[in-house]
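Structure first, commentary second.
The values are calculated or read from the model by the stated rules, or taken from the named source; none is laboratory data. Nothing here was measured: the structure is a model prediction, and the numbers come from that model. Positions of Cβ are generated from backbone atoms using ideal geometry, with glycine treated the same way; all protein chains shown enter the neighbour counts.
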Amino acid sequence: MGFNCGIVGLPNVGKSTLFNALTETASAQAANYPFCTIEPNVGRVAVPDPRLEKLAEIGKSQKILPTSLEFVDIAGLVRGASRGEGLGNQFLANIREVDAIIHVLRCFEDDDITHVEGGVDPIRDAEIIETELMLADLDSLEKRIVALQKKAKGNDREAAAQVALMEPLIAALREGQPARTAIPAGQEEAVRRLQLMTSKPVLYVCNVEEASAATGNDFSKKVQARAEAEGAAVVVVSAAIEAEVSQLGAEDRKEFLDGLGLADSGLDRVIAAGYGLLGLRTYFTVGPKETRAWTITAGTRAPQAAAVIHNDFERGFIACETVAYEDYVRYQGEAGAKEAGKLRIEGRDYVVQDGDVLLFRFNV
Ligand SMILES: Nc1nc2c(ncn2[C@@H]2O[C@H](COP(=O)(O)OP(=O)(O)OP(=O)(O)O)[C@@H](O)[C@H]2O)c(=O)[nH]1
Ligand SMILES: [Mg+2]
């Protein structure tokens, strides 16, 4: 389905370091040099899900196939990007194309790493980026609405609807509020098609120094307070640590994280938060060959969920045998769940729930 998260922020805040750690490659060059990332780098990342192992064990599956999420490493934006500063327009185009934004904020002090604004201040940095994105959104809407208003006067109903959609967004942006604060109820999809950067969901990632990876620091606490006020999500990571962790094997990884007082890798938290940000849900298929996770959006009905596996499954959909994850584990598999009356036969209208273990019946 190709959902993706764009990694956005000022230059030198650790975006590529985080991206590299995420994709466990060195494909995006991380260097102490503003604009070292010129082309957007795209990487697919497995979504860690501890439920997979349990299911595979019960189902005696040979293989585990996690679902995946795409990340895009975007070059640093600077003050004035909306007016074209620092290759601004090119980078803004990269941001328009992503589904969600991961906004990396520098929360570590290091005199060797240049800060384009002179010193560490994540709230100021967040405001610089947000302002540039809002100015660019406002500019693009103001340009588009002129032609639409003319058409609307000529009784073009489609154009009139677009004008009505854009007006509250323009009003919010002029007030210095991101477009996501002014999306009219039920118009989420129509707004999404406008490709505004500030209508996309955002996750703040605070990049702290190693010593603060477990607890956060005063900078990241300020970001958390701001995010709470906005209803946005926050994850605290140390990109430098994550880069090291990504080089380790599974066993060394656990030992390394334990030594730092970390329960899990920050990357896992970033991926999970990104997945949640996009409103994604996971269902499972379990068999002797493989246990596999599949991604759907919240609210997806059974036939459309089946289409993620194969279009024929949707076309020939009859029903799906459904066991909730908890029941599958409690009753040790499908047979046990059936005996306990926990296997349901669901039809076309069933809204698939996160964690459902499904077996589709179809006929083509
Ligand atoms: N001390 C410290 N240095 C870091 C950390 N994260 C990144 N750096 C360093 O900061 C420099 C810039 O990191 P990058 O990941 O390339 O930054 P970027 O945000 O991708 O920068 P642009 O692509 O230029 O926008 C590199 O020298 C990194 O090693 C961190 O958590 N602590
Ligand atoms: Mg970079």
Exercise for the section: State all residues of region 204-247 that are more than 13 Å from ligand 1 (Cβ to nearest atom) and either part of a helix (DSSP H, G or I) or in contact with a Gly (Cβ under 6 Å, 6 or more places away or on another chain) (or both); if no residue qualifies, say none. Expected result: ALA214, ASP218, LYS221, LYS222, VAL223, GLN224, ALA225, ARG226, ALA227, GLU228, ALA229, GLU230
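Would you point out the residue of region 1-37, among those that are among the hydroxyl-bearing types (Ser, Thr, Tyr) and either away from ligand 1 (no atom under 11 Å from the Cβ) or touching a Gly at 6+ places or on another chain (Cβ under 6 Å) (or both), that is modelled with the lowest pLDDT?
Of all residues in region 1-37, those among the hydroxyl-bearing types (Ser, Thr, Tyr) come to 16-17, 23, 25, 27, 33, 37.
Next, only the ones that are either away from ligand 1 (no atom under 11 Å from the Cβ) or touching a Gly at 6+ places or on another chain (Cβ under 6 Å) (or both) stay: 23, 25, 27.
Details: THR23: 79, THR25: 49, SER27: 42.
The selected residue is SER27.
How many residues does region 182-193 contain that are surrounded by fewer than 18 Cβ atoms within 10 Å (Cβ to Cβ) and either under 15 Å from GLN162 (Cβ atoms) or not assigned by TED's automatic domain parsing to the domain that holds GLU158 (or both)? Before the answer, list the steps.
We begin by selecting, within region 182-193, every residue surrounded by fewer than 18 Cβ atoms within 10 Å (Cβ to Cβ); these are 184-190, 192-193.
If we keep only those that are either under 15 Å from GLN162 (Cβ atoms) or not assigned by TED's automatic domain parsing to the domain that holds GLU158 (or both) too, we end up with 184, 187, 189-190, 192-193.
Qualifying residue count, region 182-193: 6.
Residues are listed down the side, and each one gets a yes or a no for (1) surrounded by fewer than 17 Cβ atoms within 10 Å (Cβ to Cβ); (2) within 27 Å of ALA225 (Cα to Cα):
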position: ASP125; (1), (2): no, yes
position: VAL146; (1), (2): yes, no
position: ASN155; (1), (2): yes, no
position: GLU158; (1), (2): yes, no
position: GLN162; (1), (2): no, no
position: GLN177; (1), (2): yes, yes
position: ARG180; (1), (2): no, yes
Fill in the blank from the handout: Residue set LEU135, LEU87, LEU173, LEU105; condition at pLDDT 95 or above, within 30 Å of PHE19 (Cβ to Cβ), more than 22 Å from the chain's Cα centre (by Cα) and assigned by TED's automatic domain parsing to the domain that holds VAL13; output residue LEU173
Exercise for the section: Check whether at least one residue in region 139-158 is of a type in the set (Asp, Glu) and within 26 Å of VAL78 (Cβ to Cβ), and report yes or no. Expected result: yes
Exercise for the section: Could you tell me whether any residue of region 278-290 is outside any helix (DSSP H, G or I) and within 16 Å of ligand 1 (Cβ to nearest atom)? Expected result: no
Problem - Failed condition for ILE345, given (1) over 28 Å from the mean Cα position of the chain (by Cα); (2) surrounded by 19 or more Cβ atoms within 10 Å (Cβ to Cβ); (3) of a type in the set (A, V, I, L, M, F, W, C) - result: (2)
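Answer yes or no as to whether LEU203 is within 30 Å of ALA263 (Cα to Cα) and either among the hydrophobic types (A, V, I, L, M, F, W, C) or buried (at least 19 other Cβ atoms within 10 Å of the Cβ) (or both).
Numbers: within 30 Å of ALA263 (Cα to Cα): yes; either among the hydrophobic types (A, V, I, L, M, F, W, C) or buried (at least 19 other Cβ atoms within 10 Å of the Cβ) (or both): yes.
Yes, satisfied.
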Completion exercise
Residue hits (region 291-328; surrounded by 15 or more Cβ atoms within 10 Å (Cβ to Cβ), of a type outside the set (A, V, I, L, M) and not in a helix (DSSP H, G or I)) are THR291, ARG292, TRP294, THR295, THR300, ARG301, GLY316, PHE317, CYS320, GLU321, THR322
Problem - Failed criterion for LEU262 (all others in (1) away from ligand 1 (no atom under 16 Å from the Cβ); (2) in a loop (DSSP other than H, G, I, E, B) hold) - result: (1)
Exercise for the section: Considering every residue within region 127-147, establish whether at least one is part of a helix (DSSP H, G or I), touching a residue at least 60 places away in the same chain (Cβ under 8 Å), out of contact with any strand residue (DSSP E or B) (no Cβ under 6 Å at 6 or more places or on another chain) and under 27 Å from ALA214 (Cα atoms). Expected result: yes
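Residues checked against (1) surrounded by 19 or more Cβ atoms within 10 Å (Cβ to Cβ); (2) of a type in the set (S, T, N, Q); (3) in contact with a helix residue (DSSP H, G or I) (Cβ under 9 Å, 6 or more places away or on another chain):
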position	(1), (2), (3)
PHE219	yes, no, yes
GLN224	no, yes, no
VAL237	yes, no, yes
ALA240	yes, no, yes
GLY274	yes, no, no
